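J.: I'd like to ask you about the structure that follows.
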Amino acid sequence: MARNMTRRQVLQTLGATTVAGILAACGAPAATTAPSSTQAPAATIAPAATTAPAAPTATTAAAATTSTQPKPMAPKKDVARKDTMYYSSGTVTEITNAQNFNVYSVGQLGNIRGILNRTLFEFLYIYNHNDGSEIPWLAESYKVSDDAKSVAVVIRKGAMWSDGKPFIADDIKYTLETLRDTSALTFSSDMKEWVKDVTVTDDQHFTINLNKPNPRFFYFYFVENSEIQIAIMPKHIWQGQDWTTFAFYDPDKGWPIGTGSFKLVEALPQGQFYDRDDNWWGAKTGFQQPSKVTRIGYIPTGDANATTARFINNEIDADVTLQPGVFTSAIAQNPKIQTWHAQGPIWGAPDACLYTLGLNTQWGPMADAHVRRAVQAAIDRSKIIDLAYEGSTAKLVVPFSTFGGLVPYTKLVDDIIKKYNPDNPSADLVASEMKAAGYAKGSDGMWAKDGKTLTTPLWVASWLGPMGPVIEKQLRDAGFDVKMKINETDSTEFFNTVQTGKADIWVIVHCGSSREPWGTLQHYHSKFNSPAQGQKDNYIWANSQYKNPDYDAIINKMDTVLPSPTDKGYTDLVRQAIEIYLRDVVEITVSEETWLRCNNNTYWTGWPSEKNPYVAPYDLWAGFLLAQLKVQPA
């Protein structure tokens with residue numbers, strides 16, 4: 001079945017080091033600097049901005065352009081600060097490949113989740129993770145066939161490219177079939193696996209024909225796959241281009257274009273600027289009200305300290321990530337900053353990822369289920385949450401996020417959770433399970449078997465440093481001779497070790513389910529395992545190396561069933577999978593990953609929040625375009 005490609009595809013195209021940075025929170029200490037909005041970080045805090053930061057001058061633009069590049073665009077008008085919405089392009093001093101708008105060539109997929117999913121590109125559907133609602137956008141409807149081998153889709157009447165050409169079924173056919181047939185492109189392996197062809201009935205109607213049944217195909221790639229959905233390219237421009245090298249940038253030709261409500265007006269390493277398209281099809285057809293935002297600035301903001309300072313100083317408006325302590329300090333300095341919850345300690349929102357303790361169930365000491373149960377009995381989830389994340393996240397024991405769509409499933413397995421009682425720190429249980437595995441404590445207080453101490457690194461992903469020391473101490477106190485191993489700036493070694501089955505135990509996030517359990521449960525299927533120890537597995541979050549034919553059979557059945565918390569055929573499969581997951585301790589789910597994604601109400605109000613949950617609060621996700629359409633001038 002389809003796999004959660006969002007982070008895997010990023011890894012394949014950007015490399016593990018870059019992805020670790022993308023996934024990391026901005027978790028900065030208290031602000032110390034506040035550079036001007038389009039320049040490198042300054043040394044001191046600047047006064048609050050009251051006018052839009054000046055765009056790079058023509059001289060600067062010329063200096064940034066080589067003779068082989070098209071001439072950069074330049075803003076055609078000055079826009080007041082109160083009419084501008086600023087996003088940070090990351091804790092960097094310049095935007096890499098600022099004039100490349102090809103999202104499918106190697107290294108460019110991250111552009112979608114950078115700014116393009118809120119400006120140039122729209123998607124067939126967008127998704128509200130808070131309640132599981134699917135929101136038709138460029139498409140009006142879709143229907144999965146009874147045999148799950150095709151999907152019939154209707155395009156919304158009146159949808160247009162920004163150059164005035166209609167958005168039609170041929171654009172979708174051309175995009176999907178080109179991705180299918182061009183192996184060097186992102187998503188090409190996915191489309192080759194699934195897409196047989198696309199049949200066009202007329203400009204508004206088409207059918208995606210699949211190579212094999214997949215009831216989730218359209219939902220996964222065109223509805224919920226929020227961070228990096230498949231963006232459709234305009235056939236009338238892309239046809240005949242080399243998709244591996246085409247930059248989709250030529251101001252003289254008006255490129256890039258999209259169907260979105262904003263158009264590019266400038267692209268430089270110092271910042272990208274997008275102005276509202278007053279001819280946007282969504283407003284012209286009455287489908288949506290136009291945005292009140294006149295200009296969007298996407299600017300590099302320096303390191304984490306500088307980014308935090310600029311946010312407090314009202315130079316950035318949307319979606320800055322703060323650690324809980326930094327957030328409380330920030331709102332003391334600027335009470336117009338908000339996050340998802342109005343009250344703590346759990347300030348942030350879920351994101352379909354879970355903090356987990358990964359275990360190698362096939363090789364090494366953790367291959368013994370008794371040892372895995374002992375490790376779990378050594379873990380105190382509440383203390384991990386309190387010490388590592390200041391009590392700011394929710395304790396979990398099964399791999400389901402707290403998104404609304406998953407709540408019914410968690411209730412359905414409550415009796416199984418009580419049966420295995422995974423959240424039960426107990427020295428006695430540790431001792432009994434280790435004894436069952438043939439271990440005894442040595443004179444040093446560490447567990448040993450056949451005269452050999454159980455010694456292993458505790459691998460910790462670079463952005464999860466706060467969890468490492470806490471878990472290390474808990475395990476050492478329980479007699480496990482583990483020592484934390486972390487590279488805080490580079491996760492390449494971490495991923496290489498974990499994905500090749502050479503790590504015994506590790507701290508990681510596991511991303512998957514957002515509305516149904518299958519999304520994460522499928523990752524324990526043996527099809528994801530490494531072919532042999534030392535060889536890489538085929539999915540970044542599926543590292544347990546679990547091998548159980550009974551479990552595989554459950555997932556194989558679940559693959560073919562559309563989810564429903566009231567369909568016994570589906571829920572029985574969920575219960576069977578959770579029974580095995582908890583019995584065998586396939587992985588230890590510790591807590592929810594909840595980021596404090598913060599917005600600033602100084603210039604714009606009406607951001608999504610717990611009290612106004614019209615979309616999840618992550619600007620990386622496609623649905624955040626709703627925020628740009630809904631916010632109002634302060």
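J.: From the list Ile540, Ile471, Ile505, which residue is under 30 Å from Pro324 (Cα atoms), within 22 Å of the chain's Cα centre (by Cα) and among the β-branched types (Val, Ile, Thr)?
T.: Ile540
J.: Next question, about the same structure. Going by the conditions given, is Tyr546 crowded, with 19+ Cβ neighbours inside 10 Å, part of a loop (DSSP other than H, G, I, E, B) and in the same structural domain as Gln362 (by TED's automatic domain parsing)?
T.: On the way: crowded, with 19+ Cβ neighbours inside 10 Å: yes; part of a loop (DSSP other than H, G, I, E, B): yes; in the same structural domain as Gln362 (by TED's automatic domain parsing): yes.
Answer is yes for this residue.
J.: Check every one of the strands (runs of 3 or more DSSP E) wholly within region 104-215 and list those with 2 or more residues that are among the aromatic types (Phe, Trp, Tyr).
T.: By residue number, 125-128.
J.: Between a residue in region 185-214 that is in contact (Cβ under 8 Å) with a residue 40 or more places away in the chain and over 20 Å from Asp146 (Cα atoms) and any residue that is surrounded by 19 or more Cβ atoms within 10 Å (Cβ to Cβ) and among the polar types (S, T, N, Q), which pairs come within a Cβ distance under 6 Å, given they are 6 or more apart or on different chains?
T.: The qualifying pairs are Thr186/Gln9; Thr186/Thr13.
J.: Is it the case that region 492-499 has a residue that's at pLDDT 95 or above, crowded, with 23+ Cβ neighbours inside 10 Å and part of a loop (DSSP other than H, G, I, E, B)?
T.: Taking every residue of region 492-499 in turn, none turns out to be at pLDDT 95 or above, crowded, with 23+ Cβ neighbours inside 10 Å and part of a loop (DSSP other than H, G, I, E, B).
J.: Could you list, in sequence order, the residues of region 228-242 that are touching a Phe, Trp or Tyr at 6+ places or on another chain (Cβ under 6 Å) and at pLDDT below 95?
T.: Across region 228-242, the qualifying residues are Gln229, Ile230, Ala231.
J.: Assess whether Ile257 counts as being of a type in the set (A, V, I, L, M) and closer than 25 Å to Asp163 by Cβ.
T.: Working: of a type in the set (A, V, I, L, M): yes; closer than 25 Å to Asp163 by Cβ: yes.
Yes, satisfied.
J.: Here is a further query. If you check Thr175, Thr199, Thr244, Thr186, which single one turns out to be among the hydroxyl-bearing types (Ser, Thr, Tyr) and out of contact with any Ser or Thr (no Cβ under 6 Å at 6 or more places or on another chain)?
T.: It is Thr175.
J.: List the number of the failed condition for Ala440; all other conditions in (1) surrounded by fewer than 19 Cβ atoms within 10 Å (Cβ to Cβ); (2) closer than 28 Å to Asn496 by Cβ hold.
T.: Every listed condition holds for Ala440 apart from (2).
J.: Which of the helices (runs of 4 or more DSSP H) contained wholly in region 320-430 include at least 1 residues that are without any contact (Cβ under 8 Å) to a residue 60 or more places away in the chain and out of contact with any strand residue (DSSP E or B) (no Cβ under 8 Å at 6 or more places or on another chain)?
T.: 324-333, 381-389, 407-412, 414-420
J.: While we're looking at this one, here's another question. So, in region 571-587, of the ones that are touching a residue at least 24 places away in the same chain (Cβ under 8 Å) and buried (at least 20 other Cβ atoms within 10 Å of the Cβ), which residue ends up farthest from Ile379 (Cα to Cα)?
T.: Val574
The values are calculated or read from the model by the stated rules, or taken from the named source; none is laboratory data. For clarity, every value in this text was computed on a predicted model and none was experimentally measured. Methodologically, a virtual Cβ is constructed for each residue, glycine included, from the backbone with ideal geometry; neighbour enumeration extends over all protein chains shown.
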